[in-house]
Amino acid sequence: MNQATRTVLHMRDIKKSFSFVPALQGVDFELLAGEIHALVGENGAGKSTLIKIITGAYRRDSGLIEYAMGRVAFQNPTEAQAVGIVAVYQEINLVGFRTVAENIFLGREPHRFGIIDRQRMNNEAAEILARLGLDINPRSVVSSLNIAHRQMVAIARAISFGARILILDEPTSSLTESEVSVLFDVMRTLKSEGTSIIYVSHRFEELYAVCDRVTVLRDGRNIITQSLKTLNRLDLVCHMLGRKPSEVSKGVTAFAAEPQNVAEGGMLLQAEALKYQNRLSGISIEVQHGEIVGLAGLLGSGRSETARALFGAEPLDSGTVKLEGKLIEVRSPHDAIDVGMAFLSEDRKADGIIPELSVRENLTLAALPSLTRWGIVDRKRQNELVTCFMQRLGIKAASAEQKIYELSGGNQQKVLLARWLCQNTKLLILDEPTRGIDVGAKGEIQRLIAELAKQGLGVLMISSEVEELVEGSQRVVVLRDGRSVAQLSGEQKNIKTILHVMAEGKIEQ
């Protein structure tokens, strides 16, 4: 990487907030000429915000950006593209009914005598594709191409702008292994020509295969920038999660005070070989009555996809699901609710609460069919149900008629729990149940989950807080790249082992 001695992009002390909530808190970022630089971090780390500031989609609140020609302040992506900074996002933005050449030169078509010069356009598109080593016909209609070829066309379009900096945001999310290999060949070709690439991915194998350096973001701050040759995978995971196995103390969650005895109720859930597109590649999970099973993994490991697939929110391509030994087909959330499943989404504001409705209306939403006769809600029974669960879960509100958006995050989460507990729930699927909740409310939610398990509910709990999984679960299933790679219990269920499996995909020998 002898070209990589010159800095082409230097961002210093970049800050950005949305509605007074900080997204970037003084981030520094440096990109060298002819390097492939990985940008990694969990959800909410600030990766997307930083990329959008680089490309001009967002304006920074403060800080300096120095590009090849000096200090810059792009007003929009068009200005960034004009000087050679182009992004290719996970959701490919191409016009399906137009040809490859038309997409590459969309809005910049060459003209002759006021008419589009299609011969020249096709020839120039063919030259760009050949330069990248791609065997794609520039006259092909984009909708006829597979996902991998569409991704390559998007990159070819970026190169047609004379890209000096190419940003690839999760480009392999829909690609097969052989297609990923082709993409890497293209990236290496661009690197050899001096193009700098910012590569966003959650897949460690890819990072170590193709990237020179990595920058880790966490909570809007850059934690480390280092050569991947000198950074092992376990240390990379620890930087991403903000955890050091040697420094984590025990008893940091309310789960620690609760004994982890599984109720004697037998097997509840048996999910085997779950597959969904390329996001789930054979997930297998078991949950007993009265057991809390933790689901661990980094961003992109398949945790949320597994939860949504079990609940019928994502259609499974294959695999079997049994509940209490009976084979079931869950094709929609309605089917899941009918058989006794409940699901608390990671994003309670988008997928959980209905902000403008009251506590009463939100709490009894799932129970309305049983509370309704001839299309009329039995308000007496509804109010009794609401009063019972508000007292049982300690929901703090001015009244049951208070709008739910006015409640704290912890009390909103309790309302969502109550929504499912007033049903005949057997399996409770929780995706980040304590995220975005203050410390006191977090302890209350953790104690409540433990209490529900003692009463015989099966709980499948996803959490990014490894301590929560260790102290709250009887077993922890670790996912990686859409596969369940380890099941940990007893002495193996510890922070060091979980982090190691996340990083390496296997238990340390």
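The values are calculated or read from the model by the stated rules, or taken from the named source; none is laboratory data. This one's a predicted model, so the numbers in the text were calculated from it and none came from an experiment. FYI the Cβ positions are ideal-geometry reconstructions off the backbone, even for glycines, and counts take in every protein chain you see.
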Q) Does the stretch 474-509 hold any residues that are touching a Gly at 6+ places or on another chain (Cβ under 8 Å) and within 20 Å of Glu206 (Cβ to Cβ), and which are they? A) Val478, Leu479, Arg480, Asp481, Gly482, Arg483, Val485, Met502
Q) Which residue out of Gly409, Gly436, Gly375 is outside the structural domain of Ser304 (by TED's automatic domain parsing) and under 29 Å from Leu269 (Cβ atoms)? A) Gly409
Q: Inspect the stretch 463-472 for any residue being farther than 23 Å from Arg447 by Cα, outside any helix (DSSP H, G or I) and of a type in the set (Asp, Glu) and give the result as yes or no.
A: no
**Q.** Failed condition for Ala350, given (1) closer than 30 Å to Gly44 by Cα; (2) at pLDDT 90 or above; (3) surrounded by fewer than 22 Cβ atoms within 10 Å (Cβ to Cβ); (4) aliphatic (A, V, I, L, M)
**A.** (2)
Q. Touching a Gly at 6+ places or on another chain (Cβ under 6 Å) and in a helix (DSSP H, G or I), is that true of Leu385?
A. no
Q | Among (1) at pLDDT below 90; (2) surrounded by 23 or more Cβ atoms within 10 Å (Cβ to Cβ) - the single one Thr425 does not satisfy | A | (2)
Q | Filter result (surrounded by 18 or more Cβ atoms within 10 Å (Cβ to Cβ) and among the polar types (S, T, N, Q)) within the stretch 175-214 | A | Thr195, Ser196, Ser201
Q.
Just to verify a result, which residue in the stretch 187-211, among those that are among the charged types (D, E, K, R) and not in a helix (DSSP H, G or I), is modelled with the lowest pLDDT?
A. Arg203
Q. Looking at the stretch 301-359, what helices (runs of 4 or more DSSP H) fall wholly within it and have at least 2 residues that are over 16 Å from Gln270 (Cα atoms) and touching a Leu at 6+ places or on another chain (Cβ under 7 Å)?
A. 303-310
Q: Tally the residues that are in contact with a Gly (Cβ under 9 Å, 6 or more places away or on another chain), surrounded by fewer than 18 Cβ atoms within 10 Å (Cβ to Cβ) and under 25 Å from Arg480 (Cβ atoms), restricting the search to the stretch 319-342.
A: 1
**Q.** Whichever residue in the stretch 56-107 is within 28 Å of His149 (Cβ to Cβ) and of a type in the set (S, T, N, Q) and, among such residues, is nearest to the chain's Cα centre (by Cα)
**A.** Gln90
**Q.** Complete set of residues in the stretch 366-385 that are modelled with pLDDT of 85 or more and of a type in the set (Ser, Thr, Tyr)
**A.** Thr372
Q | Lone qualifier among Leu129, Leu145, Leu175, Leu166 - being under 24 Å from Ala33 (Cβ atoms) and of a type outside the set (Asp, Glu) | A | Leu166
Q) Gln75 is checked against (1) touching a residue at least 40 places away in the same chain (Cβ under 8 Å); (2) not in a strand (DSSP E or B) and fails just one. What number does that condition carry? A) (1)
Q: Looking for whichever is without any contact (Cβ under 8 Å) to a residue 40 or more places away in the chain, part of a helix (DSSP H, G or I) and within 29 Å of Met240 (Cα to Cα) here; the options are Gly443, Gly410. Which one fits?
A: Gly410
**Q.** Spans of helices (runs of 4 or more DSSP H) in the stretch 84-186 with at least 1 residues within 23 Å of Gly482 (Cβ to Cβ)
**A.** 147-160
Q: Collect the residues in the stretch 49-72 that are surrounded by 16 or more Cβ atoms within 10 Å (Cβ to Cβ) and part of a strand (DSSP E or B), keeping them in residue-number order.
A: Gly63, Ile65, Tyr67
Q.
For the stretch 105-154, give me each residue that is surrounded by 19 or more Cβ atoms within 10 Å (Cβ to Cβ) and in contact with a Lys or Arg (Cβ under 7 Å, 6 or more places away or on another chain).
A. Asn122, Val142
Q.
Among the residues that make up the stretch 111-122, is at least one of them free of Cβ contacts under 8 Å to residues at least 60 places away in the same chain, closer than 27 Å to Val8 by Cα and not aliphatic (A, V, I, L, M)?
A. no
